[in-house]
Each structure stands twice: as structure tokens, then as C-alpha cells.
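The values are calculated or read from the model by the stated rules, or taken from the named source; none is laboratory data. All values reported here derive from a predicted model rather than from experimental measurement. Note that each Cβ is placed from the backbone with ideal geometry, even for glycine, and that neighbours are counted across all protein chains shown. When the accessible area is computed, the model is the full protein with side chains, heavy atoms only, and any ligands, DNA or RNA have been set aside. Shrake-Rupley method; radii C 1.70, N 1.55, O 1.52, S 1.80 Å.
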Amino acid sequence: MIPASFLQDLLGRVDIVDVVGRHVELKKAGINHKGLCPFHGEKTPSFIVSPSRQTYHCFGCGVHGDAIRFLVEHGGLPFPEAVRELAQQVGLQVPEDDTDPAERERAKQARERQLSLTEVLDKAAAHYRGQLKASPKAIDYLKRRGLTGRMAARFGLGYAPEGWRTLASAFARYDDPLLAEAGLVIVQGDEGPEQKRYDRFRDRVMFPIRNVKGEVIGFGGRVLDGGEPKYLNSPETPVFSKGRELYGLYEARHALRERGYALVVEGYMDVVALAQSGFGNAVATLGTACTAEHVQKLFRHTDAVVFAFDGDAAGRRAAGRALEAALPHATDLRSVRFLFLPAEHDPDSFVRAQGADAFEAAVAQAVPLSRQLIGHAAEGLDLASAEGRAKMLALARPLWAQLPAGMLRGQVLAALATAAAMPVDALEASWADAPRPRSAPRQTQWAAPSRQRTREATKLLDRTAWLLARHPDLWLSLSEADHARLGGLPLPHGPFFCALERILHDHGTLTLDALDAEIGSLDQSETVAALMARVRSLHHFEQDDHAGDDLRALMHRLHQQAVDEELQWLMESGEMSAEAMARGKALLAERARLRAQAALTKEAD
């Protein structure tokens with residue numbers, strides 16, 4: 001475990017301007033530095049790096065963090081590697097891990113295995129590329145689909161021959177367990193002479209899937225004729241998860257900034273064909289529905305996403321799932337739209353038949369998220385009847401509730417009220433949460449610690465961490481905005497809250513001791529275990545009857561602090577972009593709302 005004290009010392013020695021400046025062109029702006037955000041496409045700089053705070057913040061997409069977080073989020077480095085890279089730059093030696101030697105050995109073996117898997121997959125990709133050059137049939141297929149050799153090379157396309165064991169010519173040992181673990185070879189039967197091994201991909205055009213670092217982590221194979229399945233993907237492996245990765249994202253990273261939006265399609269061939277027609281910003285899900293992790297990953301690279309679907313029933317269903325995945329991330333400064341092509345076309349066939357200009361025009365007419373939400377809820381209903389309008393609102397409410405707080409949420413509410421032919425105030429009142437019964441005056445007692453420990457115990461973030469560690473079920477009562485606010489905090493609190501969310505997702509509510517044990521097993525345990533130990537020793541409640549009320553009060557104060565800090569960032573950022581000015585107005589309005597809310601609560605108490 002890397003000690004928290006070492007991480008703080010490391011962050012105190014590195015210069016975040018130098019770290020970020022190796023990846024982003026920065027210019028002096030007042031006491032800060034400014035540049036184009038590397039996490040989303042923009043034309044006017046709204047990405048600020050503060051030498052005094054040693055942090056970065058973007059007023060366009062909201063990303064923020066320290067030097068370690070930048071290398072993890074932008075460079076795609078695992079946390080320990082990011083720490084080692086920064087330590088090497090300032091001449092520090094990362095302390096030896098003080099975890100159990102057996103645990104260290106297992107972690108080392110896991111890292112080596114992951115490295116071995118990517119090496120095996122990269123070697124297989126080279127083999128498939130060589131086979132494509134030797135296959136007139138596969139080359140003819142790609143030419144008939146309108147692809148050039150240059151585009152095939154850009155995406156590293158290859159060909160898996162028809163034989164059952166063609167990979168045996170690429171690897172010295174066809175029985176190497178790594179081939180099966182990487183998803184390249186299927187093994188049937190137990191060890192022994194009866195066991196069978198054969199290539200997973202046969203007679204298919206091969207599309208290598210790369211992660212954000214450009215490493216091959218899996219494959220998609222497309223049949224050349226009318227066989228089934230049309231697309232065959234790599235299975236889940238230690239380096240590949242369909243629910244997190246997007247095909248073409250590595251290749252699209254520059255086009256995303258140039259075009260200003262991501263175009264999400266459903267097929268590998270759609271991505272390559274669109275790139276050849278000038279839409280290099282296209283990416284594809286990997287044979288699965290669009291997930292919240294997909295959307296979150298896209299918004300690290302751009303602030304606008306267009307989902308393109310076939311116009312048939314299956315396309316409509318896919319759009320519904322994409323809508324649900326996008327709603328929690330649809331902030332006021334982001335754009336999500338939905339493009340529905342004619343039922344007889346997918347993006348590949350449409351752009352080949354109609355041309356790039358027609359596809360560009362279709363993208364311009366894509367349906368905004370607000371209209372898609374209403375249309376999705378109203379599908380098949382008679383809005384001329386009271387019953388139809390009531391059912392539409394009943395279906396729309398859980399979707400609307402997923403939107404983060406902001407102006408868009410209010411605008412969608414107004415649009416829903418108009419569609420339902422009722423005043424917006426009446427709809428807002430009917431959807432308001434039922435008032436919570438006011439609890440009796442609290443008599444929570446803190447154990448009598450030393451003066452220093454008292455100072456520590458009153459820190460908002462430590463108190464929030466303790467409450468959520470003691471009552472992890474309260475995490476589920478927080479909004480998506482609260483989750484993002486806590487998870488985006490710098491060391492050590494941000495990684496702690498991210499770890500808590502991940503553990504709850506995987507294991508459900510745990511006891512304090514079980515939670516502590518799970519935290520120790522995570523990849524970033526070095527950043528959160530020390531905080532866990534500290535809050536366990538610092539805080540002690542005589543009673544926990546009002547934990548929910550305490551947490552709501554803490555979150556309100558943390559929200560106020562976040563708004564005040566972001567406003568301070570704006571004042572220090574020099575000349576502001578239009579996005580920053582709009583953000584400033586929204587922050588001032590939010591600060592006024594929070595202060596009024598706090599005054600009402602104080603008056604009621």
C-alpha cells in the first residue's frame with residue numbers, strides 16, 4: 001500500500017502545469033494557465049490549470065483533479081503506474097508495498113498476465129493483418145464495401161482464414177493457456193488426449209479493438225457471406241469488457257475534437273465506412289446496449305454525443321436504452337441527440353447510397369434528448385385523451401428524475417407539462433417529494449477527543465466519509481450529482497467515495513468491517529485504506545438515529561463549498577469564454593438558491 005503521506009509529498013513536489021503542459025498547450029491567464037480541454041472537444045479554451053492549487057478544472061465538461069488523476073484519466077495509466085511516473089520525474093522512490101507478500105505476488109502476477117494477454121492479442125492482430133494481404137476473397141469483400149487499403153490499414157483490419165487451427169502458424173505453442181484466456185482459442189473437454197482446441201474466429205474480417213492507450217484488447221469478426229452470427233466478439237477477459245469499451249474510440253480521438261461531437265453507431269463496419277466518408281468521430285458499442293460507462297467515457301472526450309440507430313423497432317428499443325444511459329450525464333453544457341435512419345438503411349449503407357452531405361444533413365436534424373424523452377414516454381399513447389397524457393407522465397417521471405439538477409431538468413419539466421396540457425407548477429407540485437417528517441432536536445454526542453482530533457473530526461469530508469462507511473446504504477439516497485461531486489474530489493476522499501460506490505455495486509450493503517476488507521482488496525487501496533483507518537479512529541457517535549439528516553446537511557454544505565470554489569476559479573481565470581460566462585451565471589443562481597434553502601432550513605429549525 002502506498003502511504004497517503006507519500007502521495008501528499010509527491011503532489012507537493014510535482015508542478016501540475018508541467019505535467020498537464022506535456023499533453024495540452026497552455027497559455028498564461030491571470031494567475032492560472034488555460035488551454036483547450038483534452039477531455040472534450042471545444043474551440044474556445046475553458047480548461048484551467050492552477051499552479052497555486054495544483055489542480056485542473058474545465059468549465060465546459062466539469063472534469064477536475066490533481067496531477068495523479070490527470071495521468072489516470074487522460075493517459076489511461078493504472079493508479080500505481082501514474083504514481084511511479086510522477087515519482088520518477090521528481091526523483092522520489094515509491095515506498096515498498098507493505099501489504100502481505102502473498103498479496104503482492106498475486107498482484108504482480110495479475111499485472112504480468114494482463115501484459116502477456118495484450119502481447120498475445122497484438123501478435124494475433126499482426127497475424128490477421130498478414131492473412132488479409134494473402135486473401136483475395138477478403139480483399140474483394142472490403143473493396144465491395146467501398147473500403148480503401150489506407151482505411152483498412154488505419155483500423156488495422158485483418159482476416160481469420162477458414163481453417164480450424166490457423167493460429168498454430170502464428171504461435172509456437174497452440175496449447176498455450178494464454179490463447180484461450182485471451183479469447184482467441186476455444187477449449188473443449190478436460191485435460192488429456194480427448195481435449196479439443198480450435199480457433200474462435202474463422203473465415204471472418206477481423207476488427208481489432210483497442211483501449212485508450214492503443215493496446216489491442218479484443219476482436220470483432222464479421223462474416224464475409226450471409227452466415228450467422230454476422231458479428232462475433234471476443235469474450236470477456238481480464239483486459240476486455242464489452243460494457244466499458246467502445247470500438248474506434250482510440251482512432252477517433254482527434255476527430256472528436258475537430259468535429260465537436262461523438263457519433264455512436266452499432267456496427268464495426270459502420271465506424272470504418274463513416275471514417276472513410278469523413279466522419280472519423282464515429283464509435284460503436286461492442287454487441288451490447290449502450291451503458292452509463294460508455295456515455296461517461298465519451299464525455300471525457302467531447303461534450304456532444306449523437307446516437308445513430310436504424311429506424312426499425314430494434315433501433316427504437318436500442319435508442320430507449322441509450323436514453324436511459326445518457327440521462328444522468330446530461331448536464332446543461334452537454335448535448336445528447338438521437339438520429340433515426342430509414343428502416344432500410346444502417347449508417348454504412350446510408351452514407352454509401354446517399355453520400356456524406358446527406359448524412360451530414362441527417363445528423364443536423366437529430367432529435368435532442370428532451371424531445372426523445374417525451375417521445376419515448378408517449379410512444380403508442382393517445383395524448384388527445386386524459387388517460388393517454390396521464391400514462392405518458394407516469395412513464396416519463398422516472399426518466400426525468402435521472403436528469404441532474406440544472407436548467408435542462410427544468411426545461412424538460414416544462415415541455416412535459418405542455419405535452420400533458422397542464423400548468424408546469426401543477427406538474428412540479430405533483431412530482432415533488434413528499435415532505436419528510438421533521439425529527440426531534442438532535443442530541444448527538446461526540447466522544448471527547450484531543451484538541452487536534454477534534455479539529456480533524458469536524459472536517460466535512462471526514463464526517464461524510466465516516467457516515468457513509470458506517471451507513472453505506474445512505475449512498476443510494478444521494479443524487480447522481482452528489483455521487484459525481486464526491487467521486488471527483490482530490491486525494492484521498494475522491495478515490496474513497498469511488499471505491500465505496502464500486503463496492504456497493506458489486507456486493508450491496510456491507511458491515512463496516514466487511515467494507516474495510518473490500519477496500520483493502522481494491523486496485524487503489526493505497527489511497528483509501530489510510531482514510532478509512534483515520535475516520536474509524538477519529539469519529540464515534542453515541543447514537544446514529546439521525547444519520548440521514550446529518551448526511552443531507554453535510555451534502556448541502558459541500559455543495560455550497562463546491563459552488564464557491566468554482567466561482568473563485570472563474571474569477572482567477574482571466575478572460576472568459578462564452579461557456580465560462582454561462583457557467584458563471586448558472587453558479588451565481590445556484591449559490592443564491594443554496595443560500596435561500598439554507599436560510600429556510602435554519603428558520604424551520
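Observations, loosely collected:
- Filter pass, L416 being at pLDDT 80 or above, closer than 25 Å to D564 by Cα and surrounded by 17 or more Cβ atoms within 10 Å (Cβ to Cβ): no
- Residue match in region 260-281 (condition: over 29 Å from K137 (Cβ atoms) and modelled with pLDDT under 90): yes
- Which numbered condition G380 fails, given (1) farther than 25 Å from G280 by Cα; (2) in contact with a strand residue (DSSP E or B) (Cβ under 7 Å, 6 or more places away or on another chain): (2)
- Residue within region 451-474 that is modelled with pLDDT of 85 or more, closer than 16 Å to L551 by Cα and either of a type outside the set (A, V, I, L, M) or touching a Ser or Thr at 6+ places or on another chain (Cβ under 6 Å) (or both) present: yes
- Only one of V212, V205, V216 that is modelled with pLDDT of 90 or more and either more than 27 Å from A292 (Cβ to Cβ) or open to solvent by 60 Å² or more (accessible area, probe 1.4 Å) (or both): V205
- Of the numbered criteria (1) open to solvent by 30 Å² or more (accessible area, probe 1.4 Å); (2) modelled with pLDDT of 80 or more, the one Q445 fails is (2).
- Residue among L403, L369, L339 that alone is modelled with pLDDT of 95 or more, crowded, with 20+ Cβ neighbours inside 10 Å, within 29 Å of the chain's Cα centre (by Cα) and farther than 30 Å from L147 by Cβ: L369
- Among the conditions (1) among the charged types (D, E, K, R); (2) part of a loop (DSSP other than H, G, I, E, B); (3) in contact with a strand residue (DSSP E or B) (Cβ under 8 Å, 6 or more places away or on another chain), the only one that K34 does not satisfy is (2).
- Residue count for region 353-366, restricted to those that are surrounded by 13 or more Cβ atoms within 10 Å (Cβ to Cβ) and among the polar types (S, T, N, Q): 1
- Some residue of region 533-552 being under 28 Å from the mean Cα position of the chain (by Cα) and at pLDDT below 75: no
- Region 574-586: number of residues that are part of a helix (DSSP H, G or I) and modelled with pLDDT under 75: 3
- Residues of region 372-400 that are open to solvent by less than 70 Å² (accessible area, probe 1.4 Å), under 23 Å from F340 (Cα atoms) and not aromatic (F, W, Y): Q372, L373, I374, G375, H376, A377, A378, L381, L383, M392, A396, L399.
- Within region 448-473, residues that are open to solvent by 60 Å² or more (accessible area, probe 1.4 Å) have Cβ atoms under 6 Å from residues that are of a type in the set (S, T, N, Q) and modelled with pLDDT under 80 in these pairs: D473/T509, counting only partners at least 6 apart in sequence or on another chain.
- Test: residue in region 343-352 that is within 24 Å of H294 (Cα to Cα), open to solvent by 60 Å² or more (accessible area, probe 1.4 Å) and outside any loop (DSSP other than H, G, I, E, B): no
- Here is the figure for region 25-45: residues that are more than 20 Å from the chain's Cα centre (by Cα), open to solvent by less than 10 Å² (accessible area, probe 1.4 Å) and of a type outside the set (S, T, N, Q) total 1.
- Every pair of residues 6+ apart whose Cβ atoms lie under 9 Å, when the first sits in region 591-605 and is modelled with pLDDT under 75 while the second is open to solvent by 60 Å² or more (accessible area, probe 1.4 Å): A604/R438; D605/R438; D605/P441
- Against the numbered list (1) surrounded by fewer than 24 Cβ atoms within 10 Å (Cβ to Cβ); (2) of a type in the set (V, I, T); (3) within 15 Å of the chain's Cα centre (by Cα), T288 comes up short only at (3).
- The residue that is modelled with the highest pLDDT, among those in region 554-573 that are farther than 18 Å from L489 by Cβ and surrounded by fewer than 16 Cβ atoms within 10 Å (Cβ to Cβ), is M571.
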